[in-house]
Amino acid sequence: MCCGSSLEIIYLFGGWDGMQDLSDLWAYHIPSNQWTCLSQDTSCEDGPSARSCHKMCIDTERKKIFTLGRFVDASVRSRSPESLKSDFYVYDIDTNKWTLITDNTAEMGGPQLIFDHQMCMDVEENTIYVFGGKIHTNQVVDEHASVCPEPLFSGLFAYRVPTNTWYKLQDDSGGCTCPSPYELRARVGHSMLFHEKNRKLYIFAGQRSKEQLSDFYTYNVDTGEVQVLCDGAKVEVPSTGLTQRATIDPELSEIHVLCGSNREKDKREENIRNGLWVYEISQNKW
């Protein structure tokens, strides 16, 4: 889902309904409180196939929506190498048309097929940033094995729309619990927001393997500088969880975070934590 605030429209594509992946595209017009189905099946209109765990970002100036990534079941991955290709689509809002940018971003220097990543748009520079997510492999995991292989996580990438060019900005810093101050530990279930005025990405929380993260970083897209706002040791920060969601208000320089569930199975009564937090950027304060 992505929101074009200047257009006053929210766009919703695909997802998992509990039984199957979906490929429908919807628009919600905020002033009139009305939903419109733009497509029942985008795959029949040169658009993306049914999917979940993907991400979208919107360019409100040029009225384009980009979508990347999807979850693929392990049984499908082991049968079909084609299923591991990372397709990348753009949707033209004015013409209601989809275009396949590439059927495999990895061949262009971009990320491999990933899911549960984050993606956001720098409208001024017409550049997309993608960070984190798990990388799909064709490795079949034995559920009865005593030791499971460590999952692979994707690093930080930038995509320049005008030149159709991918750039790898940072590799995943690996499983190191104390990465370099200039490195980012990739993850899933995190939030990533772009502040268009101070030219920074804000990356918060998430999960890496079984480790719940509550750290908070910025990445300056112009200089590549990484700044640690919180190392996760502070108590007064939002409760982390796989379903936490965040939005940013560049005018007020505020980030709003709605916390959600986590995977601490031994503490089921605490799995839902619907706390709402505000982070004041100028004061570095939750």
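Some values worked out for this structure:
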| item | result |
| --- | --- |
| Vicinal HN-Hα couplings computed from phi for segment 53-69 (Karplus, 6.51 cos²θ - 1.76 cosθ + 1.60; Hz; Gly/Pro x) | 6, 8, 9, 10, 9, 10, 9, 6, 6, 9, 6, 10, 10, 10, 9, 8, x |
| Nonlocal amide H pairs with THR102, under 5 Å, H built at 1.01 Å | PHE88 |
| Rounded to whole Hz, the Karplus (6.51, -1.76, 1.60) HN-Hα couplings of segment 278-286, x for glycine and proline | 10, 10, 8, 4, 5, 9, 6, 9, 8 |
| Residues with amide H under 5 Å from that of LEU213, placed H, sequence gap 5 or more | GLY206, GLN207, ARG208 |
| For segment 94-104, Karplus couplings with θ = phi - 60° (6.51, -1.76, 1.60), whole Hz, Gly/Pro x | 5, 9, 6, 10, 9, 9, 7, 6, 7, 8, 7 |
| Label-point separation, THR95 to GLU280 (7 Å along Cα→Cβ), nm | 4.8 |
| Most positive-pole-ward Cα, CYS120, THR95, HIS136, against dipole of segment 94-138 from beta carbon charges | HIS136 |
| Spin-label pair CYS44/GLU211, simplified geometry with 7 Å Cα→Cβ offset, distance in nm | 4.7 |
| Dipole of the chain, positive direction: furthest Cα of ILE248, LEU213, ALA158, with charges on the beta-carbon | LEU213 |
| Nonlocal amide H pairs with THR165, under 5 Å, H built at 1.01 Å | ARG160 |
| Difference of contour (0.36 nm per residue) and Cα-Cα distance, GLU82 to THR163 | 26.6 nm |
| Helix-derived mean residue ellipticity, 222 nm - over the chain, DSSP H n ≥ 4, -39500 (n - 2.57), to 500 | -500 deg cm²/dmol |
| Tail fraction, Cα-Cα pairs, the chain, threshold 35 Å, whole percent | 16 |
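Where a number appears in this text, it was derived from the coordinates with a stated rule and is not lab data. Please read these numbers as outputs of a predicted model, since none were measured by experiment. Heads up, the Cβs are rebuilt from the backbone with ideal geometry, glycines too, and the neighbour counts pull from every protein chain shown.
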